[in-house]
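A short worksheet on the structure shown next.
The values are calculated or read from the model by the stated rules, or taken from the named source; none is laboratory data. Remember, predicted model here, so these are calculated numbers, not experimental data. Note that we place each Cβ from the backbone using ideal geometry, even for glycine, and neighbour counts take in every protein chain shown.
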Amino acid sequence: NNEVEQSPQNLTAQVGEFITINCSYSVGISALHWLQQHPGGGIVSLFMLSSGKKKHGRLIATINIQEKHSSLHITASHPRDSAVYICAVEGGNQFYFGTGTSLTVIP
Amino acid sequence: NAGVTQTPKFQVLKTGQSMTLQCAQDMNHEYMSWYRQDPGMGLRLIHYSVGAGITDQGEVPNGYNVSRSTTEDFPLRLLSAAPSQTSVYFCASSRTGLAQETQYFGPGTRLLVL
């Protein structure tokens, strides 16, 4: 399905760089989630937002409901940030997931 | 709390075999769901449950059965495994349905069907 599109698909950054991952969606939503999937496969929830902006440590997530767009920013990137970042939107009684952005932060 | 647990972590099946993937949560969550994750595709919903005794189909339910006899457990059954069911399966739960609730994911089960 293409209800959720993420860009870029792959991203390589140097330590300390500012990183932006984008998510666009085409369905009406009640909330948008950013998830992180570690190389070992586990998935954890980073943010859930329905408007505005949220910040947690070096991570910032924003959403523009009118434009149906969200961004995940990572400041001062570190090798431990290397993971797949997944955007997911809640519509109706289901989630719709993007295919993920694979981030590699190199020293 | 153990959170969401899944067993087994890895399984190899032959075509036509049946098996059950186990999922349990100890957070008293009402909403539980099963997803499959395939290369190049986002997670896709197989089945979900909004409470004990209530289940419903997701995007890709064919070939899978579920039941929810208790709040804690939500097993996923493959009745006759096919190579197309080779995937990584994730179970997830949240407190009271989606409704802007944080989703908690299990560690995943890697299934290979030969």
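Some notes on this structure:
- Near pairs, Cβ below 9 angstrom, 6+ apart or cross-chain, from segment B:17-46 (free of Cβ contacts under 8 Å to residues at least 40 places away in the same chain and facing chain A (nearest Cβ under 9 Å)) to any residue that is surrounded by 16 or more Cβ atoms within 10 Å (Cβ to Cβ) and of a type in the set (Val, Ile, Thr): B:Gly40/A:Thr99; B:Met41/A:Thr99; B:Gly42/A:Val4; B:Gly42/A:Ile86; B:Gly42/A:Thr99; B:Arg44/B:Val60; B:Leu45/B:Val60
- Qualifying residue in segment B:5-22 (condition: buried (at least 16 other Cβ atoms within 10 Å of the Cβ), in a loop (DSSP other than H, G, I, E, B) and not charged (D, E, K, R)): no
- Enumerated strands (runs of 3 or more DSSP E) restricted to segment A:1-74, each holding at least 2 residues that are in contact with a His (Cβ under 8 Å, 6 or more places away or on another chain) and either within 16 Å of A:Glu90 (Cβ to Cβ) or at pLDDT 95 or above (or both): A:19-25, A:43-49, A:59-64
- Residue check, A:Ile86 in contact with a helix residue (DSSP H, G or I) (Cβ under 8 Å, 6 or more places away or on another chain) and either hydroxyl-bearing (Ser, Thr, Tyr) or surrounded by 18 or more Cβ atoms within 10 Å (Cβ to Cβ) (or both): no
- Residues in segment A:25-37 that are more than 10 Å from chain B (Cβ to nearest Cβ) and either surrounded by fewer than 19 Cβ atoms within 10 Å (Cβ to Cβ) or among the acidic types (Asp, Glu) (or both): A:Ser26, A:Val27, A:Gly28.
- Considering segment A:54-107, and only residues there that are of a type in the set (Val, Ile, Thr) and away from every other protein chain (no Cβ under 14 Å), the residue that is nearest to A:Gln9 (Cα to Cα) turns out to be A:Thr104.
- Residue in segment A:41-48 that is without any contact (Cβ under 8 Å) to a residue 12 or more places away in the chain, on the phi < 0 side of the Ramachandran plot and exposed (fewer than 12 other Cβ atoms within 10 Å of the Cβ) present: no
- Count of segment B:71-100 residues, restricted to those that are more than 14 Å from chain A (Cβ to nearest Cβ), within 15 Å of B:Gln22 (Cα to Cα), surrounded by fewer than 21 Cβ atoms within 10 Å (Cβ to Cβ) and not basic (Lys, Arg), is 6.
- Filter result for the condition that a residue is of a type in the set (A, V, I, L, M), part of a strand (DSSP E or B) and on the phi < 0 side of the Ramachandran plot, over B:Ala81, B:Ala92: B:Ala92
- Scanning segment B:40-59 for residues that are under 18 Å from A:Ile43 (Cβ atoms), surrounded by fewer than 21 Cβ atoms within 10 Å (Cβ to Cβ) and either of a type outside the set (Asp, Glu) or touching a His at 6+ places or on another chain (Cβ under 6 Å) (or both) gives B:Gly40, B:Met41, B:Arg44, B:Gly58.
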